[in-house]
């Protein structure tokens, strides 16, 4: 089914997911399609997908959480003109959207500029997951999903590790999805999913970056051993690594970055400049050096931001840069990445 990815994903390599589908090593994240922090237009999101497609991206990640379903709807419309066997879509379960029409005149209170006509309800039960998947399929205009992640089950281990994972396995056996796993902002619990269950893939946000390599302590070695693919998200750590010149008001993990991290980022940026590389170019390419990482997902609001990501992905980065960053104490030993 997925041979077309290798044939038509021009300019971007694919990486295997165990015995399952191959992901392009650069994926498009769609949280901004849900009007994260500020509004964007249908035309802008359509342009983002068109630019991604033209650049060879064939992996697209979304979630009901993003704009109370708006991101899924916009992504589905943008992909509708493309053959289904030429791209992969992942979405997530665990935050069930429950209609609240009485609040439609208010704005969502979780950072998305959309009407609060639904509320998110944590639900990793079998019925909740089935409802969530059915709604996602309808919004996306699809009959199946390539990947389903349990979304941020940090405080819901008991449910996510029982009915949650059992239901995803059931959906995989039924062919409704082709790969299953979890997506989180921590690596320790993801490692437990890899250790205990038959998962295919996990998404780790912010824990394997130039500034935070904590996933090397648990998740990445185990995933490599078990043949579980890792998707790296949050490669810019919420913005601190996103600009060649690090500003004083940069954010880290959605909060103002502390001075010591700004200083570290600026030191890395200076080292990068010595090799003709920008800090965001290094930040995007860094996680892809680890053999367990099969894709890096980067969010984009419009065609211009997608083009910027494609350029960063394609920029030449010499091995000597990584060695100097390691020697300066910013990276763990590159022997671990061989």
Inset, instruction - Answer with yes or no whether residue 280 is more than 16 Å from residue 229 (Cα to Cα), crowded, with 18+ Cβ neighbours inside 10 Å and under 17 Å from the mean Cα position of the chain (by Cα). - result: yes
Inset, instruction - Within segment 254-265, track down each residue that is part of a helix (DSSP H, G or I) and within 18 Å of residue 206 (Cα to Cα). - result: 260, 261, 262, 264, 265
Inset, instruction - Mind listing just one residue for me: the one in segment 164-176 that is part of a helix (DSSP H, G or I) and touching a strand residue (DSSP E or B) at 6+ places or on another chain (Cβ under 9 Å) and, of those, farthest from residue 123 (Cα to Cα)? - result: 172
Inset, instruction - Please find, among 206, 181, 239, the residue that is modelled with pLDDT under 95 and in contact with a strand residue (DSSP E or B) (Cβ under 9 Å, 6 or more places away or on another chain). - result: 239
Legend entry - Selection from segment 64-100 of residues that are farther than 16 Å from residue 42 by Cβ, more than 20 Å from the chain's Cα centre (by Cα), outside any helix (DSSP H, G or I) and touching a residue at least 40 places away in the same chain (Cβ under 8 Å): 83
Inset, instruction - Would you mind telling me which numbered condition in (1) within 23 Å of residue 177 (Cα to Cα); (2) out of contact with any strand residue (DSSP E or B) (no Cβ under 6 Å at 6 or more places or on another chain); (3) touching a residue at least 60 places away in the same chain (Cβ under 8 Å) residue 61 fails? - result: (2)
Inset, instruction - Residue by residue through segment 130-163, note down the ones that are in a helix (DSSP H, G or I) and under 20 Å from the mean Cα position of the chain (by Cα). - result: 132, 133, 136, 137, 139, 140, 160
Legend entry - Test: residue in segment 249-263 that is surrounded by fewer than 16 Cβ atoms within 10 Å (Cβ to Cβ), at pLDDT 95 or above, over 23 Å from residue 27 (Cβ atoms) and in contact with a helix residue (DSSP H, G or I) (Cβ under 9 Å, 6 or more places away or on another chain): no
Inset, instruction - Only residues in segment 118-136 that are over 16 Å from residue 149 (Cβ atoms) count as the first member; pair them with residues that are not in a strand (DSSP E or B), Cβ under 6 angstrom, at least 6 apart or cross-chain, and list the lot. - result: 118/68; 118/100; 119/100; 125/163; 126/163; 126/167
Inset, instruction - Go through (1) surrounded by 23 or more Cβ atoms within 10 Å (Cβ to Cβ); (2) within 20 Å of residue 148 (Cβ to Cβ) and name the single condition residue 45 misses. - result: (2)
Legend entry - Residue list for segment 221-247, restricted to those being touching a helix residue (DSSP H, G or I) at 6+ places or on another chain (Cβ under 9 Å), farther than 22 Å from residue 328 by Cβ and part of a loop (DSSP other than H, G, I, E, B): 228
Legend entry - Filtered residue count, segment 104-128, keeping only those that are closer than 20 Å to residue 254 by Cβ, in contact with a helix residue (DSSP H, G or I) (Cβ under 6 Å, 6 or more places away or on another chain) and outside any loop (DSSP other than H, G, I, E, B): 1
Inset, instruction - Determine which single condition residue 275 fails, assuming it passes every other condition in (1) over 24 Å from residue 215 (Cβ atoms); (2) part of a helix (DSSP H, G or I). - result: (2)
Inset, instruction - Restrict the check to segment 298-320 and report whether at least one residue is in a helix (DSSP H, G or I) and modelled with pLDDT under 95. - result: no
Inset, instruction - Could you check, for segment 291-304, whether at least one of its residues is farther than 18 Å from residue 204 by Cα and surrounded by fewer than 17 Cβ atoms within 10 Å (Cβ to Cβ)? - result: yes
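Just to check your reading of the model, which residue among 28, 5, 23 is at pLDDT below 65 and crowded, with 21+ Cβ neighbours inside 10 Å?
On the way: 28 fails: at pLDDT below 65; 23 fails: at pLDDT below 65.
Residue meeting the stated conditions: 5.
The values are calculated or read from the model by the stated rules, or taken from the named source; none is laboratory data. Given the structure is predicted, the values throughout are model-derived calculations rather than measurements. When we count neighbours, we look across all protein chains shown, and the Cβ atoms used for this are built from the backbone with ideal geometry, even at glycine.
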